[in-house]
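Below is one structure; the comments refer to it alone.
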Amino acid sequence: MDSEDDMYDTNDVDSSEDFYSEDDDTAMASDEDDSEGDDLIMEAAEKPLKPQKQNYSILSEADIGELQKKDITVVSDALKISEGSASIILQHHNWSEPNNFIHDTWFCNQEKIRKAVGLPEETTPIPDVTVRIKCRICLEECPRDSVDAAACGHPFCNSCWKRYITISINDGPGCLMLRCPEPSCGAAVVKEMIKKHVAADDDDAISWQKYGRYLVRSYVEAKQNKIKWCPAPGCDYAVKFDIGRIGRSGISNDVKCDCSYGFCWSCAEEAHRPVDCATVAKWILKNSAESENGNWILVNSKPCPKCKRPIEKNHGCMHMTCTPPCNFQFCWLCLGAWSEHGERTGGHYACNRYETAKQKGAYDVTEMRREMAKNSLERYTHYYERWAANQKSRQKALADLHQMQAVQLDQIIEKQCQIHGQIMFIIDAWKQIVECRRVLKWTYAYAYYLPEREHAKREFFEYLQGEAESGLERLHQCAEKELEIYLNEGLSKEFDEFRTNLAGLTSVTKNYFENLVQALENNLEDVNSKGACSKVARAGSKNFGEGCSKGSGKRGKRAASRSGGRNQSRSR
């Protein structure tokens, strides 16, 4: 069910603004203002972007295997047991930190632990006899060198061991705690014995590899507070997170895997900084739930008075006929039988009965519910459309980035006579656009759940969001449109000026979004400080450049004029 905030009337006004064409005020600006704006962009371009603090590391299955082996070796050396036995003990205790386990658990409960995991202190050997030994599964008599046993000493032939282990591995991760085939025996089958029977032949190598993956995955799943698998489909990387740095300044829970997928460490959803996990969960549930379908039905349909099925009226008169087999004819306004209507009740396009009943208050409750549902639906649609639009823009920007890296970068190097290091500012700009689109997308989810009654916070938020969005549109315009000039034409003397402008816009836009992210992560508490909004406004007007198209001469103006009709709506 939607929250009470969903029912507030939306006060947001769609504002369509061309961020790339100059308005009258801009056209009348003095040459000193133009020069100052260009100087600010150049100053921002000269400042290197600060590297983002990384509080995680990406691990392959081989890396995880090394970490796991270190823990096993510590226990194996300390307790003077085989690595297979140490592995089973650590699995049973959810891969606890080995030194803590040895001192706090093992020496206090050694006998109990051995019994629980099936590792007897004394190993019962198979009798070294010259006569043949009967396998306890196939009942065949086999020579001594064709029989094997776990620590319990129950003998089975090698063929039966191989089938038993292979079937257990194919059945799933339960093979990690495999026990002796003897029904009454609980002795563990250790890793060394499994390897002996399924890793020798090429045909069984797959089973051994599968067992190794189960072992590695059990390690990760037991350390969910430190290591997690990347949730991207088909990805085999894991992420090791520095838990101790959560909550520090400049540290976020967002993770980017080597497969290029970004996700939140805490909730495993796609990266959503600066919005918290609870808000993201509510937003995703709302997008996938049937609540908005119910609201739409309430707003746009009415139940048939006879069969109660919802009916949508999209045009025509008030005379409605329900679909077969009902076929009931009724008035859309008052829901009364049409046989009681006609010219005397107002004709086909009005209903005197409805108007009279409405004046008496008979329809007040129903209409109020319908109006509230309509407002709620319109408010949700307003924010969802902008959320989805930025998601689509981000996907397009990501495709453009890949196209730039794969094809267009070499074209620019050739046509503009540049070296690879001199044009990496273009890649930096596209990466910034992709990241800013992601942040901007989630700010609309944040805005949806920001209470309407907190006017100061909403005004402060909409200012920050608006300025950040304006900066992003300028940067996106410069990278998308003006770059085409240098891709399609030959050597240009204005390329260095384009480099300065694009690098400057990248830096300025990054600063705007850093301010927005910081404010949202602080729950807009800065709005309570004296003069916070005016302070931000002064900083914004001082630091934000005049845009790439303004500073790139005739070429920039041509590119701006080609896209002068492109508008972007936002919730300011």
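The values are calculated or read from the model by the stated rules, or taken from the named source; none is laboratory data. Note that the structure is predicted; figures quoted are calculated from it, not measured. Quick reminder, even Gly has a Cβ in these numbers, built from the backbone with ideal geometry, and neighbours come from all protein chains shown. Ligands, DNA and RNA are excluded from the accessible area calculation, which covers all protein heavy atoms including side chains. Shrake-Rupley method; radii C 1.70, N 1.55, O 1.52, S 1.80 Å.
For the stretch 408-415, putting each phi into the Karplus relation 6.51 cos²θ - 1.76 cosθ + 1.60 with θ = phi - 60° gives couplings of 6, 4, 5, 5, 5, 4, 6, 6 Hz, in residue order, rounded to whole numbers and with x for Gly and Pro. Estimated at the nearest 10 Å², the accessible area of Asp276 is 80 Å² with a 1.4 Å probe.
Put simply, when 453-460, 392-399 are sorted by average Cβ atoms within 10 angstrom per residue, most first, you get 392-399, 453-460.
When the C-alpha to C-alpha distance is required to be over 24 Å, the pairs from Lys396/Lys441; Lys112/Lys162; Lys80/Lys228; Lys70/Lys210; Lys134/Lys210 that qualify are Lys112/Lys162; Lys80/Lys228; Lys134/Lys210. Remark on Phe328: its backbone amide H falls under 5 Å from those of Cys322, a criterion applied only to residues 5 or more positions apart or on other chains, H modelled at 1.01 Å from N.
Residue-wise HN-Hα couplings along the stretch 62-77, as the Karplus relation 6.51 cos²θ - 1.76 cosθ + 1.60 with θ = phi - 60° gives them from phi, are 5, 4, 5, x, 5, 4, 5, 5, 4, 5, 4, 5, 4, 5, 4, 5 Hz; Gly and Pro carry x.
Taking 0.36 nm per intervening residue step and subtracting the Cα-Cα distance, what contour gain separates Asn287 from Asn327 on full extension?
10.9 nm
A 1.4 Å probe, protein heavy atoms only, puts the accessible area of Arg370 near 40 Å². With a Förster radius of 51 Å applied to the C-beta separation of Glu371 and Gln403, the computed FRET efficiency comes to 0.60. Multiplying the residue separation of Asn225 and Asp410 by 0.36 nm and removing their Cα-Cα distance gives an extension gain of 62.2 nm. Phi angles of the stretch 388-396 translate, via the Karplus equation with coefficients 6.51, -1.76, 1.60 and θ = phi - 60°, into HN-Hα couplings of 5, 5, 6, 4, 5, 5, 5, 5, 5 Hz per residue; Gly and Pro are given as x. Ordering of 468-475, 181-188, 326-333, 162-169 by packing is 468-475, 162-169, 326-333, 181-188, highest average first (other Cβ atoms within 10 Å, averaged per residue). The peptide list 428-434, 446-452, put in order of mean Cβ contacts within 10 Å with the highest first, becomes 428-434, 446-452.
Would you mind getting me the FRET efficiency between Glu122 and Glu61? Use the beta-carbon distance for r and R0 = 41 Å, nearest 0.05.
Efficiency computed from Cβ-Cβ geometry: 0.70.
Estimated at 0.36 nm per residue, the fully extended path between Gln395 and Asp145 surpasses their Cα-Cα distance by 83.7 nm. Here each label is just a point 7 Å from Cα along the line to Cβ, and for Met177 and Asp242 those points are 3.6 nm apart. Database remark: amide H of Ile311 closer than 5 angstrom to the amide H of Lys302, Cys304 (H placed geometrically; neighbours at sequence offset of 5 or more, or on other chains; Pro and chain starts carry no H). Taking 7 Å steps out from each Cα toward its Cβ at Glu452 and Ala388 produces label points 2.2 nm apart.
Database remark: amide H of Leu178 closer than 5 angstrom to the amide H of Val189 (H placed geometrically; neighbours at sequence offset of 5 or more, or on other chains; Pro and chain starts carry no H).
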